[in-house]
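Throughout, read-outs are computed from the coordinates displayed, never taken from laboratory work. Treat the numbers as computed from the prediction; the structure is a model and nothing was measured. Because the Cβ atoms are built from the backbone with ideal geometry, glycine has one as well, and the counts that use them run over all protein chains shown.
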Amino acid sequence: MAKWQEKELKAYVPNLPPNTIVSGIDFFDNYAFKVQNKIQHMHWFSFQITILVHITYHRNLTFNPTYLKSRILKEIHYYISDKKDHDTLFVQQAFKLNWEFLNKISCFPKCHVVWSHGCSGQFKFARCWYFLL
């Protein structure tokens with residue numbers, strides 16, 4: 001399934017329709033801060049953060065082939081939280097911040113295509129996708 005999704009994404013992005021953005025979004029494994037040489041009382045202490053990776057593809061509005069600039073731009077954003085939950089509200093906040101960023105760079109898409117592996121433990125049900133509509 002992952003290979004098929006990667007192949008489809010690579011075929012879709014270069015031919016991105018006007019007024020369309022593509023988001024690839026996924027949670028990274030929780031990052032744990034651990035002491036290298038633990039003393040005994042540190043054995044049970046563990047501090048973790050959640051990292052959400054959000055990659056956005058959109059058309060370059062200033063595309064000029066004479067300057068060899070790319071027609072499609074790729075933006076990568078990392079959202080970090082000290083909560084270990086991979087919940088819907090965190091995903092909604094990431095989409096909101098991404099939308100604000102796109103507006104700042106004068107990108108106002110009419111269509112938003114989202115690519116995710118769809119893990120129900122991370123992207124619970126349709127609530128976070130309903131937020132995009």
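Some points to look at:
- Counting other Cβ atoms within 10 Å as a rough exposure proxy, the listed residues Arg71, Arg59 run Arg71, Arg59 from fewest neighbours to most.
- The range 51-115: chymotrypsin sites (Phe, Trp or Tyr not before Pro) falling in loop per DSSP and having at most 12 other Cβ within 10 Å: Phe63
- Residue order for Ser70, Ser81, fewest other beta carbons within 10 angstrom first, comes to Ser70, Ser81.
- Length gained when the stretch Val53-Lys7 is fully extended (0.36 nm per residue, less Cα-Cα span): 14.6 nm
- Most to least packed among 102-114, 17-29 [average Cβ atoms within 10 Å]: 17-29, 102-114
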